[in-house]
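Heads up: the structure comes next, in structure tokens.
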């Protein structure tokens, strides 16, 4: 029997690539580490709330509605996080394709700082991706890790400026030495820029996302990509998933 206590991903299919097999336990443990704005306990609680969101009656009703904003009510949450945080986590998990700027402004009006918002988003997405992979390959969701003690430093990246989206980001021309090589791959510039307001989240996010898709998605450089399916098949699956999930990036 696989040792799923010390290694919750030990039951992964044997065909799972080594880079994915290595990235998943690291991503899981990083959920529990003290962040820039959130404690380890808060980050683990966010991951738990992500799992709760799938069973939320309000989220299901909103998902089925023509507009999610036409349906009022309370989320079926775990009761461990502020309501404003739940209002980020649940829609992000269950209906991310229909988030709007007015939704974001409502989050800000509830007192959530944009730095805090970005870290909540990062943790939520990592948790969604980790769990979705496990569901996709047919293994049980791993137990969430024990939180690591410590207080977040809560220091804002002073070089960040507003835009190009709803929140502040660090532009390539403003990066400091700790991000000197971050924009070296210009092929997916804006998605790379989206979480830069909280630089410590970047490796936690991309060290999982890169092996699950590809580090450098430029078409002309993928002739020797080592995958069991070809580039056309990869993009077909990606496009189909994007259509089903409302991802229009």
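Quick note: the coordinates plus some simple rules give every number you see, no bench work behind them. Since the model is a prediction, treat every value here as computed from it, not as a measurement. Glycine also receives a Cβ, built like all others from the backbone with ideal geometry; neighbour counts cover every protein chain displayed.
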### Query
Under Stokes-Einstein, with the Kirkwood radius over Cα pairs standing in for Rh, what whole-number D in µm²/s applies to segment 71-158 at 10 °C and 1.306 mPa s?
106 µm²/s
### Query
log10 I(q)/I(0), Debye, Cα-only segment 46-113, no solvent, q = 0.19, 0.23 Å⁻¹?
-0.70, -1.04
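Of 192, 108, how do they rank once you tally other Cβ atoms within 10 Å and put the fewest first? Can you show the working numbers first?
Values: 192 18, 108 14.
Fewest to most other Cβ atoms nearby, the residues stand as 108, 192.
Given the DSSP H assignment, sum -39500 (n - 2.57) over each helix run of at least 4 residues in the chain and divide by its residue total; what's the result at 222 nm in deg cm²/dmol, nearest 500?
Values: 9 runs with 112 residues, N = 249.
Here the helix-only value at 222 nm equals -14000 deg cm²/dmol.
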### Task
Please work out the C-alpha center-to-center distance from segment 60-108 to segment 116-164 and express it in whole Å.
18 Å
#### Entry: Choice from 165, 136, 79 with maximal GNM fluctuation in the chain (Cα, 10 Å cutoff)
136
## Note on the structure
Checking rank on 28-35, 150-157, with mean other Cβ inside 10 Å and highest first, the result is 28-35, 150-157
### Relative frequency of Cα-Cα separations exceeding 15 Å in segment 1-90, percent
68 percent
### Query
Gaussian network model of the chain, Cα springs within a sub-10 Å range: biggest mean-square fluctuation belongs to which of 57, 15, 143?
15
### Query
Taking the C-alpha atoms of segment 117-159, how large are the radius of gyration and the largest Cα-Cα span, Dmax, in Å?
14.5, 44
### Task
Treating the Cα atoms of the chain as identical point scatterers in vacuum, please give the log10 of the normalised Debye intensity I(q)/I(0) at q = 0.10 Å⁻¹, two decimals.
-0.52
